[in-house]
Amino acid sequence: TVYNTDNSGLPDNRVKSLAIDEQGNKWIGTRGGLAKFDGENWTVYSTGNSGLPYNALRALAFDTQGNIWMGTGLFRGPSGGGLAKFDGEAWTVYDTANSGLPSNALRALAFDAQGNIWIGTERGLAKFDGENWTVYDTGNSGLPHDRVKSLAIDEQGNIWMGTHGGGLAKFDGENWTVYNAGNSGLPGNGLHEGLAFDAQGNIWIGTERGLAKFDGEAWTVYNTRNSGLPDNFIWILLIDTQGNTWIGTYFGGLAVYR
């Protein structure tokens, strides 16, 4: 089944983020606003009819209270409306003018076990505990590049992040470890939204030069030459409950690795 602007309530065909709530509603972040689909009915939230600060949504995440958090912004440039929270009735917006957020162009969101939200932005990594903001960038930390494109948190609470030109970084709350094409088996330093853990604790990393798996010691790389991967430029990846890795590529469509 295909849903688009012609046959459904989807506000824009450029879908950038997806999330499913506990009731099974699908929330879809597009370039034209946020859509909620319950299987029959569509509800669209935009800057024109809601408290959404910017119509281009890049990241979605739910907290333990069921609030949906949205990272807004365009792929290129500093444009964006910051971070928004929606509890089903009221909207709260955090931006560079009213909070410690370092940029209004956001790329990734993740909640840790303590309920802190981690935010990947165009100008570094931010952490918000509900009251206080902490910002990590290339000037004050071991972050290898300020453009943080993806986030994933492992069972030990380490924050893993993919950067646009600095490779992969791990932060344990005190120390930084950086993996790049020069010091590890990572095939390229250009990472986008492809970062996920499987049930065995391996981290899968999508790069512009292929797919990598890292078990903490050894690296495995899949590319168009040694596997059935249709394109080396990996935009996004997800791992389902059966352990299949779904890979969205830039030029070669969607692939699944079982």
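Tabulated results
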quantity: Computed over the stretch 15-136: relative contact order in percent, which uses C-alpha pairs under 8 Å that are six or more apart; calculated: 16
quantity: Burial order of peptide ranges 32-42, 2-12, 100-110 (average beta-carbon count within 10 Å, highest first); calculated: 100-110, 32-42, 2-12
quantity: In the stretch 215-251, the chymotrypsin sites (Phe, Trp or Tyr not before Pro) that fall in loop regions by DSSP, at most 14 other Cβ within 10 Å; calculated: Tyr250, Phe251
quantity: Interchain or long-range residues, amide H under 5 Å from Thr207's placed H; calculated: Ala212, Ile234
quantity: Those lysines that a straight Cα-Cα span of less than 26 Å connects to Lys213, excepting residues fewer than 8 apart in one chain; calculated: Lys16, Lys149, Lys170
quantity: GNM result for the chain, Cα springs below 10 Å: residue of Lys26, Lys85, Lys16 fluctuating most strongly; calculated: Lys26
quantity: Exposure proxy order (Cβ contacts within 10 Å, fewest to most) of Arg123, Arg225; calculated: Arg225, Arg123
quantity: Within a Gaussian network of the chain (alpha carbon springs, distance under 10 Å), most fluctuating of Gly188, Gly167, Gly88; calculated: Gly88
quantity: Fewest-first ranking of His192, His164, using other Cβ atoms within 10 Å as the exposure measure; calculated: His164, His192
quantity: Kirkwood Rh, angstrom, the stretch 1-102 [1 / mean 1/r, Cα pairs]; calculated: 13.8
quantity: Anisotropy class of the stretch 100-244 from Cα gyration tensor, a/c 1.5 cut; calculated: prolate
quantity: Length released on extending from Tyr250 to Thr1, taking residue separation times 0.36 nm less the Cα-Cα span; calculated: 87.5 nm
quantity: Radius 13 Å from Cβ of Gly39, net charge of other residues (Lys, Arg +1; Asp, Glu -1); calculated: -1
quantity: HN-Hα J in Hz across the stretch 51-56 - Karplus 6.51, -1.76, 1.60, θ = phi - 60°, x for Gly and Pro; calculated: x, 4, x, 7, 7, 8
quantity: Vicinal HN-Hα couplings computed from phi for the stretch 8-24 (Karplus, 6.51 cos²θ - 1.76 cosθ + 1.60; Hz; Gly/Pro x); calculated: 8, x, 4, x, 7, 7, 8, 8, 10, 7, 9, 7, 10, 8, 5, 8, x
quantity: Gain on full stretching of the segment that runs from Gln114 to Trp42 - 0.36 nm per residue minus C-alpha separation; calculated: 22.6 nm
quantity: Phi-based couplings in Hz for the stretch 212-225 (Karplus 6.51, -1.76, 1.60; Gly and Pro marked x); calculated: 10, 10, 10, 9, x, 9, 9, 10, 10, 10, 10, 9, 5, 7
quantity: Relative contact order (percent, whole number), the chain, Cα cutoff 8 Å, 6+ residue spacing; calculated: 8
quantity: Gyration tensor verdict on the stretch 157-208 (Cα atoms; rounded if a/c is under 1.5, prolate if a/b is larger than b/c, oblate otherwise); calculated: oblate
quantity: Ser17 long-range amide H proximity, modeled H, under 5 Å; calculated: Gly29
quantity: 10 Å beta-carbon shell around Arg58, net charge (K/R +1, D/E -1); calculated: +3
quantity: Residues Glu122, Glu208, Glu155, sorted so that the one with the fewest Cβ neighbours within 10 Å comes first; calculated: Glu155, Glu208, Glu122
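Values quoted throughout were computed directly from the atomic coordinates according to the rules given, and no laboratory measurement underlies them. These numbers come from a predicted model, not from an experiment. Methodologically, a virtual Cβ is constructed for each residue, glycine included, from the backbone with ideal geometry; neighbour enumeration extends over all protein chains shown.
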